[in-house]
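A short write-up of the structure that comes next.
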């Protein structure tokens, strides 16, 4: 089955065409035939495209709306010199990344009018993300008369118990406004934890305890028991939890009120302060890029060091807390741009956790870059792995299962 | 038709602010100034304003770069031919504005909307001197433009419904709320706020309460972010005076009579924040100096 995966932002469309079916997915042999991104929709857009065995291609041109972007993507997929399809009718289904599914969507869903209105109901919870996701769906629906499936960032975490998702604020806020922990990056946490279970030969084992660390632009960590999320660090919004590139992560809520008062900030300024000027960038004043920070630290930049120390310390605290939540740990997985590539960050984040069963092998760790690899020492009770994430592949697999009438994984 | 490229005539404080609001919303801007030097000055002003925003965490360095990249300087009104909407933001001089609109009328597509940022002059009168009065409208941005989320969308007598809808959509794209106003002196915002400021001055003049007490009462009593007298200081007392006089002359109602205390302060050179002293005193950064006595926060 050929599934087109779309991830639509406010001015971008990321896409992958994935060939998958039940057998190849189970064997991990399903793969992307082509992928790319259209950026700066609404103006002079840039389109990048690469297909198996073809020369990568980059085009610029005016693309005013998502529908035209999708049309251009379909054009490339079927173009004689670079395409991988003879006809767009070869596409069997479309999988859409949707950021927020609220409490309603606990699994991926075939989009019909009812599901669409359910997604629209979640706009209040993700005002920046859900609208472009929906826009992308509407555009694709007009162009491709095939089943469309929504795969949510939040649904994997819907298995969290109330003790993990409730905040200590008046319960009426939960009832009235859905104020609770939802968690994000669910597709990534699910993908790598599933892969971890496969590697350990424990798929379906209800006692398997895995902690997954998704460290990219945004960072989050999830405690997973038997393949089900039991706690995660991001909350009502993607601002809570770990330190991130430009996001603060956990802070005293009173800090926000205090800073707004003494700096005379409005809501939108406080929002920008916490989301765009904080995190690694905010502490270091150098950059939000991990490579630049490691470089600056090696040159003696004290604030770069402080930023990295906070990053690793916070992560370590969460890992240890989740070991407590799970009552031990069988494996810790690092993924995302930082998790897959930054060996020193991995090392510093688990240093000192030997007492709770996590012992790194420095050489294996230093060698692991953007590949699937074990980085724990032989005999470490808890394994430590690097597993590259692949959210698009999971979206394609979910789409394939729903369209084929298979039960959710 | 979606608005993608906006022409702005005049690179003063207003023109700069409107340019930032447009570019910040992802629109391309062509800014026209009288000379290349003035154009460069306008761009420098925009860059400084963006740096102040960054210092206050309102924007990031990359947002600044993106905004500056979207603002182009144009030489002469001819360059505005490809724009979808033109906003005129030159000084409040009727003959100057009419001459500009007559040139624009000849240069840009007859379908394009021409907007004036006037706050005192008549949209109807400017429109009447063009061949497309139904496509002329007023857009009253408030200072500082990037921060104030309101625009008065001012309909002249002949402004068409389609023009109004396009102007309102433009305001929405800027992330601001537009309100429909039918041309009348002071529109809504100026007309309602000025008598409030003026009355606060009368209260001080009549010895009912101190300036600090008046501002504190109105701030705390009605949950306003700033009191009327400090607001007047920020606007500039000479500006407030000019406005009151304008409303008084246009509408002839004594309720718009400028407070004699206001007149006296202007004669003393106490113009508000910009001179360091108005109803309150201000430091070089424009922050109010502490006031002694009760009511101090």
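The values are calculated or read from the model by the stated rules, or taken from the named source; none is laboratory data. Everything quoted here is computed from the prediction, not taken from an experiment. Reconstructed Cβ throughout: ideal geometry from the backbone, glycine too, with neighbour counts over all protein chains shown.
Brief remarks on what is shown
- Looking across B:76, B:15, one residue alone is in contact with a strand residue (DSSP E or B) (Cβ under 9 Å, 6 or more places away or on another chain) and surrounded by 15 or more Cβ atoms within 10 Å (Cβ to Cβ). It is B:15.
- When the range B:163-189 is filtered for residues that are crowded, with 19+ Cβ neighbours inside 10 Å and assigned to a helix (DSSP H, G or I), the ones remaining, listed by number, are B:163, B:166, B:167, B:170, B:171.
- Hits in the range A:271-281 (condition: buried (at least 20 other Cβ atoms within 10 Å of the Cβ), part of a helix (DSSP H, G or I) and within 11 Å of another protein chain (Cβ to nearest Cβ)): A:272, A:273, A:274, A:276, A:281
- Selection from the range B:41-57 of residues that are under 25 Å from residue B:119 (Cβ atoms) and either more than 14 Å from every other protein chain (Cβ to nearest Cβ) or part of a loop (DSSP other than H, G, I, E, B) (or both): B:41, B:42, B:43, B:45, B:46, B:48, B:49
- Identity of the residue in the range A:15-31, at pLDDT 95 or above and in a strand (DSSP E or B), that ends up farthest from the other protein chains (Cβ to nearest Cβ): A:19
- The lone exception for residue B:3 - which of (1) crowded, with 21+ Cβ neighbours inside 10 Å; (2) in contact with a strand residue (DSSP E or B) (Cβ under 7 Å, 6 or more places away or on another chain) it fails: (1)
- Any pair with Cβ under 6 angstrom, 6 or more apart, that starts in the range A:29-46 at a residue that is over 20 Å from residue A:10 (Cβ atoms) and ends at one that is modelled with pLDDT under 90: A:33/A:52
Table: residues versus (1) more than 13 Å from residue A:345 (Cα to Cα); (2) within 9 Å of chain B (Cβ to nearest Cβ); (3) surrounded by 21 or more Cβ atoms within 10 Å (Cβ to Cβ).
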site: A:269; (1), (2), (3): yes, yes, no
site: A:286; (1), (2), (3): yes, no, no
site: A:295; (1), (2), (3): no, no, no
site: A:307; (1), (2), (3): no, no, yes
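- Counted residues, the range B:21-40 - those being over 19 Å from residue B:117 (Cβ atoms), assigned to a helix (DSSP H, G or I) and either within 12 Å of another protein chain (Cβ to nearest Cβ) or touching a residue at least 12 places away in the same chain (Cβ under 8 Å) (or both): 2
Per-residue answers, yes or no, for (1) touching a strand residue (DSSP E or B) at 6+ places or on another chain (Cβ under 9 Å); (2) more than 21 Å from residue B:154 (Cα to Cα); (3) without any contact (Cβ under 8 Å) to a residue 12 or more places away in the chain:
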| site | (1), (2), (3) |
| --- | --- |
| B:219 | no, yes, yes |
| B:226 | no, yes, yes |
| B:244 | no, no, no |
| B:255 | no, yes, no |
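- Against the numbered list (1) farther than 22 Å from residue A:129 by Cα; (2) touching a residue at least 24 places away in the same chain (Cβ under 8 Å); (3) in contact with a helix residue (DSSP H, G or I) (Cβ under 6 Å, 6 or more places away or on another chain), residue A:260 comes up short only at (2).
- Matching residues in the range A:286-306 - criterion: being in contact with a helix residue (DSSP H, G or I) (Cβ under 7 Å, 6 or more places away or on another chain) and modelled with pLDDT of 95 or more: A:290, A:293, A:294, A:296, A:297, A:303, A:304, A:305, A:306
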